[in-house]
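Let me begin by presenting the structure, written as structure tokens, before commenting on it.
The values are calculated or read from the model by the stated rules, or taken from the named source; none is laboratory data. If you're wondering where the values come from, they're calculated on a predicted model, not measured in any experiment. All Cβ positions, glycine included, derive from the backbone under ideal geometry; neighbour counts span all protein chains shown. Note: accessible area is taken over every heavy atom of the protein model, side chains too, but ligands, DNA and RNA are not part of it. Shrake-Rupley method; radii C 1.70, N 1.55, O 1.52, S 1.80 Å.
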Amino acid sequence: MKKVKKLVVGNWKMNPVSLEEARKIVGTVKRNMKNIKRTEVVFCPPFVYLSPLSKAMKGSLSLGAQDANSETAGPFTGEVGHLQLPQFGVKYVIVGHSERRNMGETDEIVNKKVQSVTSLGMTAIVCVGESSRDANGEYLDFVKQQILKALKDVPKKSFENIVIAYEPIWAIGAKQAMTSLDLHEMSIFIKKVLKDSYSIASDGVRIIYGGSVDRVNASSLVKEGNVSGLLVGRQSLESKDFVEIINLVDAQ
Ligand code: PGA
């Protein structure tokens, strides 16, 4: 299998409020990408910034969308379709983020979106994660079911266009990330699910972590947590911190 790069994804959510600010963040990060060789950096801005940022990002940075609709076209007021994204250079699409699931996105919708994103040759960043933990380990089965439902009927050849983002909901927007030790346990578990259910080799699908990542915990989450990268929310809007996170991941 070819050596795949590590991944650092910035999920901007509904930020920043101006295009000018968005350009500044991209500019700062781009200027600091020269020594980054082993890590792909993806920005997922709000839809309205995709087109204006697409040119600015060419070269060292990749563009992703935070979500989109799997329908081809039609009467869906307010929606943006997957099919509309590649013309702006979008390569990645986040699917099933907990904030979208919270707005009513079901496992079935997530599954449709994974199929549509991958069939268009883009990479789906499939978000999974439990809302809380329990002593009996039921959260493990919950995560397993989320993965199986999201990947249902996805052809094996599409797996190279899938990234699993493990984001425990309790660690998103929180004060602290989960511990690297707990992440290591979860990354082994997810690899086992992929192996048992789809015969995917342990490095066959990239697994990344998201939830309160910062420059203090980034290094150990990747190294000791045994993941291929990070999905970063708040700290991806702080360009200097984000640059530091990228460097720390690249150094692993
Ligand atoms: P956070 O967000 O880094 O601000 O916790 C992560 C995410 O929601 O993807």
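Annotations for the structure displayed:
- Unique match (being more than 14 Å from the ligand (Cβ to nearest atom), of a type in the set (S, T, N, Q) and farther than 20 Å from R206 by Cβ) among T118, T123, T179: T179
- Considering I246, I207, I188, the condition of being loosely packed, with under 15 Cβ neighbours inside 10 Å and either within 16 Å of the ligand (Cβ to nearest atom) or under 23 Å from S131 (Cβ atoms) (or both) is satisfied by I188 alone.
- Residue check for D241: in contact with a helix residue (DSSP H, G or I) (Cβ under 7 Å, 6 or more places away or on another chain), more than 10 Å from the ligand (Cβ to nearest atom), among the acidic types (D, E) and more than 14 Å from V126 (Cα to Cα): yes
- Total residues in region 217-238 satisfying the condition of being part of a helix (DSSP H, G or I), farther than 20 Å from G27 by Cα and within 14 Å of the ligand (Cβ to nearest atom): the figure is 2.
- Among the candidates L63, L19, L53, the residue that is more than 18 Å from D214 (Cα to Cα), touching a Gly at 6+ places or on another chain (Cβ under 6 Å) and modelled with pLDDT of 95 or more is uniquely L63.
- Scanning region 1-43 for residues that are exposed (fewer than 14 other Cβ atoms within 10 Å of the Cβ) and not in a helix (DSSP H, G or I) yields M1, K2, K3, M14, V17, S18, K34, N35, K37, R38.
- Where a residue in region 11-30 is away from the ligand (no atom under 16 Å from the Cβ) and its partner, wherever it lies, is open to solvent by 60 Å² or more (accessible area, probe 1.4 Å), with Cβ under 8 Å and at least six apart: L19/V48; T28/K240; K30/G59
- Apart from one condition, R100 fits all of (1) more than 16 Å from the ligand (Cβ to nearest atom); (2) open to solvent by 60 Å² or more (accessible area, probe 1.4 Å); (3) charged (D, E, K, R); the exception is (1).
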